[in-house]
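A.B. asks: The following block contains the structure, expressed as structure tokens.
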Amino acid sequence: MPITISELFGYGSLRSKRLRRRLLGREIKTVPAWLEGFASVQVAGSPYPGLVRAPGQKTVGELLLGLRPRDLERLDRYEGTEYERRLVWVQAQGRKRRAWVYCWRDRRRLALKSRLLRLPRLPVLSK
């Protein structure tokens with residue numbers, strides 16, 4: 001029997017209660033959470049952040065609870081092809097929990113502060 005993960009770590013626009021209600025058609029419970037080893041960075045030419053692996057960094061967000069398969073399908077459509085949904089371990093409510101998260105695919109479009117994030121400097125490309 002496949003494991004069903006019904007939680008998702010939100011670090012950007014999905015932290016908006018109003019947006020979640022619009023996308024899912026209902027309110028869902030959330031709890032404060034953080035993700036180790038990833039950084040939320042600005043995407044060039046966009047108001048939205050992208051999440052990338054970054055050793056030693058931590059991203060603060062919310063864990064969205066009780067998601068249904070159709071909720072994840074709706075969120076996949078909202079995030080589009082520039083983000084990839086991946087499984088990660090998130091810290092929430094005093095323990096590690098398995099959850100989905102949307103990671104940015106194209107690192108070349110990230111406006112990085114490479115010294116702060118300890119990532120290689122990448123060129124910023126416009127849309």
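A.B. asks: Would you mind getting me the FRET efficiency between residue 93 and residue 46? Use the beta-carbon distance for r and R0 = 30 Å, nearest 0.05.
C.D. replies: 0.45
A.B. asks: Follow-up question, since we're still on this one. What dipole magnitude, in Debye to the nearest 20, does the range 8-114 give about its Cα centre under +1 on Lys/Arg Cβ and -1 on Asp/Glu Cβ?
C.D. replies: 220 debye
A.B. asks: Next question, about the same structure. Hand me the GluC sites (Glu not before Pro) from the range 1-101 located in a DSSP loop with no more than 16 other Cβ atoms within 10 Å, in residue order please.
C.D. replies: Answer in residue order: 27, 82.
A.B. asks: Still on this structure, I have one more. Suppose R0 equals 22 Å. What FRET efficiency, 1/(1 + (r/R0)^6) with r the Cβ-Cβ distance, do residue 19 and residue 84 give to the nearest 0.05?
C.D. replies: That gives a FRET efficiency of 0.65.
A.B. asks: Separate question: If you filter the range 4-110 for trypsin sites (Lys or Arg not before Pro), then keep DSSP loop positions with at most 16 other Cβ within 10 Å, what is left?
C.D. replies: Filter output for the range 4-110: 26, 29, 105.
A.B. asks: A further question on this structure: Return a single number: how many Lys pairs in the range 8-114, at a sequence separation of 8 or more or on separate chains, have alpha-carbon atoms below 21 angstrom apart.
C.D. replies: 4
A.B. asks: Would you please classify the overall shape of the range 8-114 from the alpha carbon gyration tensor, given that a ≥ b ≥ c denote the square roots of the eigenvalues, rounded means a/c under 1.5, and beyond that prolate means a/b larger than b/c while oblate covers the rest? Could you put the intermediate results ahead of the total?
C.D. replies: Details: a/c = 1.86, a/b = 1.22, b/c = 1.53.
Note, shape of the range 8-114 comes out oblate.
Quick note: the coordinates plus some simple rules give every number you see, no bench work behind them. Bear in mind that the values here come from a model prediction, so they are computed numbers and not experimental data. Methodologically, a virtual Cβ is constructed for each residue, glycine included, from the backbone with ideal geometry; neighbour enumeration extends over all protein chains shown.
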